[in-house]
Amino acid sequence: MSEESPAPGHVTQASGQQASGTAQPSQLPQHVVKRTRMGGLWLASGSFAVVLLLLLIFILENGRSVYVAYFGAHGQVPLGVALLLAAVLGILMVVIPGTARIVQLRLTARRHRRADAGQPAASQQHR
């Protein structure tokens, strides 16, 4: 029993051939570089710079002045600025209630964790 036959498709160390007898080129070990936080930061800052450049081009190409009235405030601003301001305000209308909902869910989850931690182990098994 000390001498076992290799599994089908197994590469032997000495010959570099499969058990079936066909030759297979030996492969060198592959070194995988893991992602780092600095690499992610570099990618994020590069992406941010590209987005800012595109926004700058958008503002410069839409420089015609338009009249804007908002909650009693009146004035003239470049069209590109007015459109970006409208987009930012629209995003904030989604983000603020979304953030409130996330905080609400986290508080509820924390209360449930504390309630579960305060119960004896026997009562948790019968749930």
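Which residue pairs have Cβ atoms closer than 8 Å, lie 6 or more positions apart in sequence or on different chains, and pair a first residue in segment 29-55 that is surrounded by 10 or more Cβ atoms within 10 Å (Cβ to Cβ) with a second residue that is of a type outside the set (Ser, Thr, Tyr)?
55/84
Inside segment 56-70, can you point out the residues that are surrounded by 11 or more Cβ atoms within 10 Å (Cβ to Cβ) and not in a loop (DSSP other than H, G, I, E, B)?
Going residue by residue through segment 56-70, those that are surrounded by 11 or more Cβ atoms within 10 Å (Cβ to Cβ) are 56-59, 62, 65-66, 68, 70.
56, 57, 58, 59, 65, 66, 68, 70 - these are the residues of segment 56-70 that are surrounded by 11 or more Cβ atoms within 10 Å (Cβ to Cβ) and not in a loop (DSSP other than H, G, I, E, B).
Quick one: would you say residue 95 is surrounded by 10 or more Cβ atoms within 10 Å (Cβ to Cβ), within 22 Å of the chain's Cα centre (by Cα) and β-branched (Val, Ile, Thr)?
yes
Answer yes or no: is there a residue in segment 67-85 that is of a type in the set (Gly, Ala, Ser), in contact (Cβ under 8 Å) with a residue 12 or more places away in the chain and under 27 Å from residue 53 (Cα atoms).
Our first condition is that a residue be of a type in the set (Gly, Ala, Ser); within segment 67-85, this holds for 69, 72-73, 75, 80, 82.
From what is left, the residues that are in contact (Cβ under 8 Å) with a residue 12 or more places away in the chain are 80, 82.
Still in the list and also under 27 Å from residue 53 (Cα atoms): 80, 82.
Yes, segment 67-85 contains a residue that is of a type in the set (Gly, Ala, Ser), in contact (Cβ under 8 Å) with a residue 12 or more places away in the chain and under 27 Å from residue 53 (Cα atoms).
Determine, yes or no, whether residue 123 is hydroxyl-bearing (Ser, Thr, Tyr) and modelled with pLDDT of 90 or more. First the steps, then the outcome.
Working: hydroxyl-bearing (Ser, Thr, Tyr): yes; modelled with pLDDT of 90 or more: no.
Criteria not met by residue 123.
The values are calculated or read from the model by the stated rules, or taken from the named source; none is laboratory data. Because the structure is a prediction, the values reported are computed rather than measured. Ideal geometry is used to build each Cβ from the backbone, glycine not excepted, and the neighbour counts take in all protein chains shown.
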